[in-house]
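What follows is one structure encoded as structure tokens, with my remarks underneath.
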Amino acid sequence: MAEPVADLPPPARALLKERDYLLFWASRWTGSFAAQIQSVALGWQMYAIARATRSVDESAFLVGMIGLAAFIPVFLLTLPAGETADRHNRKTVLLVCLAGEMATVLTLAIASWRGWASVPLLLAVGFLFGAARAFFAPASTALGPMLVPRSLLPRAIAWNSLAWQTASIAGPAMGGVLLLLSPAHAYFATLGLYLVSALSLALIRKNAQPVVNPGSRWALMKEGLAYVWAQKIVFGAISLDLFAVLLGGATALLPVFARDVLQVGPQGFGILRAGPAIGATVVALSLAARPIHRRAGVVMFWGVAVFGLATCAFALSRSLWLSVAALAVLGGADMLSVYVRQTLVQLVTPDAMRGRVAAVSSVFIGASNELGEFESGVVARFLGPVGAALFGGIGALIVTGAWAGLFPALRKADRLE
């Protein structure tokens, strides 16, 4: 008997009928917008304070230290954060995390307004913000699939990425404008956006309580780790993100490039920060309209390779607009590979395990981002900012080739459905 023809994927407009998902998307966008403004302001303020008494290389190192301060709690809290997302109401967990993020940004706003900001304070606030994000990331990743049918999940993942990327365009640009007034203005604006994000999340009606598996907290944590290790596609996908972006984290050095390499000031810094998001948004829009259906693994590895090449081009550029173009290509390539990785991981992971898998994934992503900032700062201390960015791009290319050989199942992954 002939096999039935597979159903076509539902159109993108089907997501518009999912009320709770739309609220989740709005919360994700405003929260991401806020985080981008906060990140821009924190990096610029740290570099400005450090440059008052330190050299360029030493100041770049301190900018990288913000990433390390934010990553340490993510690493330490990974297992309990994943277990929390799989045991407790995920919406409640997110609201508590948003309250913690609002507390950190309010502290920054008051300290900047009163003139109390200092290197130790910025590092301490970065640590507390990282603690809140440690629980936020797995709960958010696990909540999204609960709000849409499985058939809409690939499109929802693309739209989730689109929320992040569009916010990443608007956030740095707005952050640059607000920094012309003062860091305090940037932090108070961030606080308002976090409030809107929390309100949108609170209006979600669907049950966000996962089905809790029996067992102790420690048993559930071990179960999550065992699952990630056994599923080589999952482990290969999230570890590729760790090492490729860890080495290719040139964006962490943007304050240095804006001020002392390209000499374009805070407005130019905002434009540079928006560059990766511009490219990523174009790719995300394309994926939201036409998701990838075949040869997903090959597409993902090509994305990481182009990411490394674009990082090298950025390192060698001395023109603002050429640098923005390289960053846009970098962002688009990263978006392509991230989309494939996230979709593969979400599709193969059962809902009862999503929080713990997302927690492990978030620590890998956190390592690639926050430790990537730290790595860039350390390498910049010895090779300078240009050498550090070039080192990272070449490293990302090496990792791409190595992972293609180490994880053949990931390279051969075909359909995203």
**Request:** Could you check Leu347 against (1) of a type in the set (A, V, I, L, M, F, W, C); (2) closer than 20 Å to Ala244 by Cα; (3) surrounded by fewer than 24 Cβ atoms within 10 Å (Cβ to Cβ) and say which number it fails?
**Result:** (2)
**Item:** Selection count where residues are among the hydroxyl-bearing types (Ser, Thr, Tyr) and open to solvent by less than 10 Å² (accessible area, probe 1.4 Å), scope the range 379-400
**Value:** 0
**Request:** Scan the range 49-58 and give yes if some residue there is farther than 28 Å from Phe382 by Cβ, out of contact with any Gly (no Cβ under 9 Å at 6 or more places or on another chain), in a helix (DSSP H, G or I) and open to solvent by 10 Å² or more (accessible area, probe 1.4 Å), otherwise no.
**Result:** no
**Prompt:** Assuming Glu83 fulfils every condition listed in (1) open to solvent by less than 10 Å² (accessible area, probe 1.4 Å); (2) out of contact with any Leu (no Cβ under 9 Å at 6 or more places or on another chain); (3) charged (D, E, K, R) apart from one, which condition is it?
**Reply:** (2)
**Asked** Failed condition for Thr84, given (1) modelled with pLDDT under 85; (2) within 30 Å of Met353 (Cβ to Cβ), with all others met?
**Response** (1)
**Request:** Keeping to the range 105-151, report how many residues are among the β-branched types (Val, Ile, Thr) and closer than 20 Å to Leu79 by Cα.
**Result:** 1
**Request:** Identify all residues within the range 118-139 that are open to solvent by less than 30 Å² (accessible area, probe 1.4 Å) and either farther than 16 Å from Leu106 by Cβ or over 17 Å from the mean Cα position of the chain (by Cα) (or both); write none if there are none.
**Result:** Val119, Leu122, Val125, Gly130, Ala134, Pro138, Ala139
**Prompt:** Does Leu94 fit the bill of being on the phi < 0 side of the Ramachandran plot and surrounded by fewer than 24 Cβ atoms within 10 Å (Cβ to Cβ)?
**Reply:** no
**Message:** For the range 28-48, check the following and say yes or no: at least one residue is β-branched (Val, Ile, Thr), open to solvent by less than 40 Å² (accessible area, probe 1.4 Å), in contact (Cβ under 8 Å) with a residue 12 or more places away in the chain and touching an Asp or Glu at 6+ places or on another chain (Cβ under 9 Å).
**Reply:** no
**Complete:** Checked the range 99-108 for anything touching a residue at least 40 places away in the same chain (Cβ under 8 Å) and surrounded by fewer than 22 Cβ atoms within 10 Å (Cβ to Cβ); matches are Ala99, Met102, Leu106
**The one condition in (1) open to solvent by 10 Å² or more (accessible area, probe 1.4 Å); (2) at pLDDT below 90; (3) closer than 23 Å to Trp403 by Cβ that Tyr339 fails to fulfil** = (1)
**Prompt:** Has the range 302-309 got any residue that is without any contact (Cβ under 8 Å) to a residue 60 or more places away in the chain and surrounded by fewer than 19 Cβ atoms within 10 Å (Cβ to Cβ)?
**Reply:** yes
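The values are calculated or read from the model by the stated rules, or taken from the named source; none is laboratory data. The model shown is predicted, which means the values in this text are computed figures rather than measured ones. Cβ coordinates were reconstructed from backbone atoms using ideal geometry, including for glycine residues, and neighbour counts include every protein chain displayed. Side chains are part of the model used for accessible areas, which takes the heavy atoms of the whole protein and leaves out ligands, DNA and RNA. Shrake-Rupley method; radii C 1.70, N 1.55, O 1.52, S 1.80 Å.
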